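The values are calculated or read from the model by the stated rules, or taken from the named source; none is laboratory data. Predicted model, so just to flag it, every value in this text is computed and none were measured. Note that we place each Cβ from the backbone using ideal geometry, even for glycine, and neighbour counts take in every protein chain shown.
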Amino acid sequence: MRSGQPIPDRILNAPQLSQCLEFFFDSFWVLSTCRPVGMGVGSIPVTAIMDYGRFHNCDDELMHDLIHYVMMLDQIYIKRESGKAKVKK
C-alpha cells in the first residue's frame with residue numbers, strides 16, 4: 001500500500017461475488033443515498049427500491065429479488081452502524 005502498511009486481511013481475503021449478485025450489491029450502495037436523515041441510520045424506503053427496479057426494467061421476479069436482497073443488506077448495514085454508534089458513546 002502507499003502508506004507502507006500491509007493490506008488488511010479482510011481485504012486480501014474478501015469473498016468474490018458472483019456477477020448475478022453484483023447487481024444487488026451495487027443497487028444497495030446506490031439506494032443508500034435514499035435513506036431518510038434523522039438521529040440514527042434509517043432504512044432504505046421500499047418505494048425507492050421499487051423505483052430503482054422500474055428504472056432498470058426489472059421484471060416481477062427480479063423486482064422481488066431486488067427488494068429482498070437490498071432489504072437484507074440494509075438490515076446488516078443498520079445493525080453494524082448501530083453498533084458503531086454504541087461504541088462511540
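List of remarks:
- For region 52-89, a tally of residues being more than 13 Å from the chain's Cα centre (by Cα) and closer than 21 Å to residue 21 by Cβ returns 14.
- The set of residues in region 36-87 being farther than 15 Å from residue 25 by Cβ and touching a Gly at 6+ places or on another chain (Cβ under 6 Å) consists of 36, 63.
- Residues of region 4-49 that are at pLDDT 85 or above and of a type in the set (Ser, Thr, Tyr): 27, 32, 33, 43, 47.
- Pairs linking a residue in region 17-33 that is at negative phi and surrounded by 15 or more Cβ atoms within 10 Å (Cβ to Cβ) to a residue that is in a helix (DSSP H, G or I) and of a type in the set (Phe, Trp, Tyr), with Cβ atoms under 6 Å and 6 or more positions apart or on different chains, are 24/69; 31/52.
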